[in-house]
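Have a look at the structure below before the remarks.
The values are calculated or read from the model by the stated rules, or taken from the named source; none is laboratory data. Bear in mind the structure is a predicted one, so any value in this text is a computation, not a measurement. Don't worry about glycine lacking a Cβ; one is built from the backbone with ideal geometry, like all the others, and counts go over all protein chains shown.
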Amino acid sequence: MKIITLLPSATEIVAALGATHQLVGISHSCDYPAEVTSLPRMTATAVDSHASALAIDRQVREIVDTGAPLYTIDAELIRAARPDVIVTQALCDVCAVSEGDVRALAAEMRPSPNVVTLDGKTIEGVFTDIANVAAAIDASDEAEELLDGLRAQLKRIHATLKGAKAPRPRVAVIEWTDPIFAGGHWVPEMVAKAGGVDVIAKPGDHSTVVDVAAVRDAAPELLFVGPCGYDLAGAIVAAQALLASDAWAWARGLPVWALDANGMVSRPGPRLVEGVAAMASAMHPALFGAPLAQHAVRVA
């Protein structure tokens, strides 16, 4: 079976199901696991991912306003690969290629590949996406084992918190730094499963712009900074820049953690559970120990 994945979380799901060897193409932004990085890139973006947070936000808004696509598909390359399955998404208009474009291309191909769409907005929704991908690539047994392991890890975290009657700190998760976006979809649920209370977002809601004053007035006791699309090094720089600004002077006395958003927060795949574990360790180090250094770093 030949598989094409058009966003990083899809690639990670296929890899976690043990089907990396069946991948014949990935998106321009897929980077995990390392063995996929030599595969053909089936998409491209008009956005300069190396620009500042504010510049990226402006680019996205300007492109969307013109009606031009943020992402393009290499239709000829996809046709030549003759995939049996293409995995795309319908969750975020500014995160990956349009599901409609993918389905239109698939409908023109002979034979027409099976298109699987990821659209989970919660952790359980992501688990359903994993099961759906598995069904399409004949890996349902692998999915059962994977999902059992992920759920067991979440249950262990819950049992530890419950057994210790751990207090739940008030938490804010910053998903973008200029403008400020609150972490949405599954992020507030991650905070809850890690033993905290998200004070600026609700589970399942879209990520939304929030005013710095609103974050301050919500009285968080701990901040996580994990900008969408950033690795840990980028998140550290972003968190330090926030704290250096006058608008965030009020937060300098709080615990502030930078997160590997690419690895554990912004991609709806198996590693979200690692993100829950990292958050739990940051909030409750006496129960879980310090977070792994490759997952989270305290910057204040």
remark   = Note on region 122-147: residues in contact with a strand residue (DSSP E or B) (Cβ under 9 Å, 6 or more places away or on another chain) and outside any helix (DSSP H, G or I) are Ile137
message = Need the failing condition index for Gln22 against (1) out of contact with any Asp or Glu (no Cβ under 8 Å at 6 or more places or on another chain); (2) at pLDDT 95 or above; (3) closer than 21 Å to Gly229 by Cβ; (4) not basic (Lys, Arg), just the number.
response = (3)
key: Any hit, region 163-174, residues being closer than 12 Å to Val265 by Cβ, part of a strand (DSSP E or B) and not small (Gly, Ala, Ser)   = yes
query = In region 76-86, is there at least one residue being surrounded by fewer than 19 Cβ atoms within 10 Å (Cβ to Cβ), within 26 Å of Asp141 (Cα to Cα) and in the same structural domain as Ser112 (by TED's automatic domain parsing)?
reply = yes
ask   = Say we look at region 74-89 and pick out the residues that are closer than 16 Å to Val116 by Cα and modelled with pLDDT of 95 or more; which of these is nearest to the chain's Cα centre (by Cα)?
value = Thr88
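Quick test for you: out of Arg151, Arg110, Arg103, pick the one residue that is part of a helix (DSSP H, G or I) and more than 18 Å from Leu17 (Cα to Cα). First the steps, then the outcome.
On the way: Arg151 fails: more than 18 Å from Leu17 (Cα to Cα); Arg110 fails: part of a helix (DSSP H, G or I).
So the residue among Arg151, Arg110, Arg103 that is part of a helix (DSSP H, G or I) and more than 18 Å from Leu17 (Cα to Cα) is Arg103.
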request  = Would you point out the residue of region 13-27, among those that are touching a strand residue (DSSP E or B) at 6+ places or on another chain (Cβ under 7 Å) and in contact (Cβ under 8 Å) with a residue 40 or more places away in the chain, that is surrounded by the most Cβ atoms within 10 Å (Cβ to Cβ)?
outcome  = Val14
message = Taking the conditions exactly as written (within 22 Å of the chain's Cα centre (by Cα), buried (at least 16 other Cβ atoms within 10 Å of the Cβ) and over 22 Å from Ala136 (Cα atoms)), does Leu118 satisfy them or not?
response = no
message = Which of the helices (runs of 4 or more DSSP H) found entirely inside region 199-300 contain at least 2 residues meeting this: crowded, with 18+ Cβ neighbours inside 10 Å, touching a Gly at 6+ places or on another chain (Cβ under 8 Å) and not assigned by TED's automatic domain parsing to the domain that holds Thr122?
response = 232-244, 261-264, 272-283
request  = Read through the list (1) farther than 20 Å from Val273 by Cα; (2) small (Gly, Ala, Ser); (3) not in a helix (DSSP H, G or I), then give the number of the only condition that Gly195 fails.
outcome  = (1)
query = In this structure, is Ile123 of a type in the set (Val, Ile, Thr) and within 27 Å of Asp205 (Cβ to Cβ)?
reply = yes
